[in-house]
Amino acid sequence: MGLFLLGANYKSASLELREKMALTNREIGEMIQYFCLEEGISETIILTTCNRTELYFLLKDLNVEKLIWRWLEERTDIKKDDLHEYVYTYKDLEVVNHLYRVVSGMDSMVLGEEQILGQVREA
């Protein structure tokens, strides 16, 4: 088992790409169901705000990362090799460290922004 995060935010991607990655509440529910039906995925959390979209996974099988990348390629109509320039990934402890930075507002456009804590809690 391992943690995996794939995301894009205001620092890594253009507004155009972030808009392509953004999901409505309905789409979030559908995506969580889609991903959790996969054998290799135990849990999924999707955080989407005006400045970021992040997909958090608890993976039973690390080979499932290919499925996650394929979804992103289809969603954005951009090939994986080109997406690497705009999208970040973290694994295991890096995911936890990143999430703490997000929740604390250290990874926000406005340093210390408190609204993100509620958005993470909702996700």
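The values are calculated or read from the model by the stated rules, or taken from the named source; none is laboratory data. Fair warning: this is a prediction, and the values are worked out from it, not measured in the lab. Every residue, glycine among them, receives a Cβ derived from its backbone with ideal geometry; neighbour counts consider all protein chains shown. Ligands, DNA and RNA are excluded from the accessible area calculation, which covers all protein heavy atoms including side chains. Shrake-Rupley method; radii C 1.70, N 1.55, O 1.52, S 1.80 Å.
Quick notes on this structure:
- Qualifying residue in region 28-40 (condition: of a type in the set (Ser, Thr, Tyr) and open to solvent by less than 90 Å² (accessible area, probe 1.4 Å)): no
- Here is the figure for region 91-106: residues that are touching a strand residue (DSSP E or B) at 6+ places or on another chain (Cβ under 7 Å) and surrounded by 15 or more Cβ atoms within 10 Å (Cβ to Cβ) total 2.
- Residue in region 68-90 that is among the aliphatic types (A, V, I, L, M), exposed (fewer than 12 other Cβ atoms within 10 Å of the Cβ) and at pLDDT 90 or above present: no
- Restricting region 19-30 to residues that are in contact with a strand residue (DSSP E or B) (Cβ under 6 Å, 6 or more places away or on another chain) and part of a helix (DSSP H, G or I), the residue that is nearest to Met109 (Cα to Cα): Met21
- Condition met for Thr24 (of a type in the set (S, T, N, Q), farther than 19 Å from Met1 by Cα and in contact with a helix residue (DSSP H, G or I) (Cβ under 8 Å, 6 or more places away or on another chain)): no
- Candidate set from region 1-16 (those that are of a type in the set (A, V, I, L, M) and in a loop (DSSP other than H, G, I, E, B)); member that is surrounded by the most Cβ atoms within 10 Å (Cβ to Cβ): Ala13
- Scanning region 107-119 for residues that are surrounded by 15 or more Cβ atoms within 10 Å (Cβ to Cβ) and in a helix (DSSP H, G or I) returns Ile116, Gln119.
- Pairs, first touching a residue at least 24 places away in the same chain (Cβ under 8 Å) in region 56-83, second part of a helix (DSSP H, G or I) and open to solvent by 50 Å² or more (accessible area, probe 1.4 Å), C-beta under 7 Å, six or more apart: Trp69/Lys80; Arg75/Lys20; Thr76/Lys20
- Within region 46-67, tally of residues that are open to solvent by less than 80 Å² (accessible area, probe 1.4 Å) and under 16 Å from Met1 (Cα atoms): 7
- Check on Glu43, under 14 Å from the mean Cα position of the chain (by Cα) and open to solvent by 100 Å² or more (accessible area, probe 1.4 Å): yes
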